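Structure, as structure tokens:
The values are calculated or read from the model by the stated rules, or taken from the named source; none is laboratory data. If you're wondering where the values come from, they're calculated on a predicted model, not measured in any experiment. Please note: Cβ atoms are built from the backbone with ideal geometry, for glycine as well, and neighbour counts cover all protein chains shown.
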Amino acid sequence: MTSEPRPRLHADEPVTIAGGSVNPAKHAAVERAVAAYFLRATVEAVDVPSGVPAQPRGDEETARGALRRAAQARLTLDADLGLGIESGVVEGPGGKLYVVAWAAAIDRVGVRAFGGSERFPLPAEVAQRVRAGEELGPVIDDLLRSPGTARHAGAISLLTAGRRDRTDMLTIAALHALAALLEVWRGGFSRD
């Protein structure tokens with residue numbers, strides 16, 4: 001008789017985690033979040049598609065991209081857990097366009113959980129260009145005259161004068177997703 005794979009319930013058990021992106025900021029966020037919850041984890045980044053547009057819009061689309069990354073990464077590496085992160089933009093209070101990140105965690109039996117980051121408004125000039133169809137990363141690169149912002153410091157670094165970076169923001173989302181998954185494992189949240 002074979003038993004159904006069970007989720008890892010103890011922080012000291014070895015666990016393999018597939019991070020759904022090779023983007024340095026996303027991978028660093030996955031590693032930071034995993035280190036906060038698991039003592040013996042192996043984390044490997046894998047390049048998988050998000051299944052959403054390059055510039056996700058709205059919470060649902062952004063979270064869907066994170067879940068797709070988590071599920072595909074877990075399957076690709078046959079890992080115990082998949083953890084995916086996706087950044088997007090959402091309309092918010094005051095007619096402003098906000099940056100948000102969602103993370104999704106999924107285990108071998110399909111239990112999944114989501115976590116979100118803080119949100120921050122984009123400057124009007126940036127928001128106008130993103131609303132017109134440009135991707136946020138290249139817009140920020142253009143303003144900073146520095147390529148690769150989305151892979152490192154991110155828009156949040158521009159807005160906080162370097163006090164926060166993209167990895168900080170993405171780590172929050174990943175921590176929240178793992179916290180929610182662990183709560184499901186403990187029986188506190190619904191499996192849906």
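Structure summary
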quantity: Pick from region 154-175, criterion free of Cβ contacts under 8 Å to residues at least 24 places away in the same chain and of a type in the set (A, V, I, L, M), ranking: surrounded by the most Cβ atoms within 10 Å (Cβ to Cβ); calculated: L158
quantity: Any hit, region 82-102, residues being modelled with pLDDT of 95 or more, outside any strand (DSSP E or B), surrounded by fewer than 24 Cβ atoms within 10 Å (Cβ to Cβ) and touching a helix residue (DSSP H, G or I) at 6+ places or on another chain (Cβ under 8 Å); calculated: yes
quantity: Residues that are in contact with a His (Cβ under 9 Å, 6 or more places away or on another chain) and small (G, A, S), drawn from region 109-130; calculated: A113, G115, G116, S117
quantity: Evaluation of R8 against (1) at pLDDT 95 or above; (2) buried (at least 19 other Cβ atoms within 10 Å of the Cβ) (one fails), failing number; calculated: (1)
quantity: So L182, is it modelled with pLDDT of 95 or more, closer than 23 Å to F114 by Cα, of a type in the set (A, V, I, L, M, F, W, C) and surrounded by 15 or more Cβ atoms within 10 Å (Cβ to Cβ); calculated: no
quantity: Filtered residue count, region 111-136, keeping only those that are within 23 Å of Q72 (Cβ to Cβ), touching a residue at least 60 places away in the same chain (Cβ under 8 Å) and either in contact with a Ser or Thr (Cβ under 7 Å, 6 or more places away or on another chain) or not aliphatic (A, V, I, L, M) (or both); calculated: 5
quantity: Region 125-151: number of residues that are part of a loop (DSSP other than H, G, I, E, B) and in contact with a helix residue (DSSP H, G or I) (Cβ under 6 Å, 6 or more places away or on another chain); calculated: 1
quantity: Residues within region 99-154 that are more than 23 Å from A71 (Cβ to Cβ) and among the aromatic types (F, W, Y), tallied; calculated: 1
quantity: Hey, P93 without any contact (Cβ under 8 Å) to a residue 12 or more places away in the chain and more than 19 Å from the chain's Cα centre (by Cα) or not; calculated: yes
quantity: Residue match in region 52-71 (condition: assigned to a helix (DSSP H, G or I), at pLDDT 95 or above and more than 24 Å from V130 (Cβ to Cβ)); calculated: yes
quantity: Residues of region 114-124 satisfying the condition of being in contact with a strand residue (DSSP E or B) (Cβ under 7 Å, 6 or more places away or on another chain) and in a loop (DSSP other than H, G, I, E, B); calculated: S117, R119, L122
quantity: Looking only at region 152-179, and only at residues there that are of a type in the set (D, E, K, R) and in a loop (DSSP other than H, G, I, E, B), the one that is farthest from I106 (Cα to Cα); calculated: R163
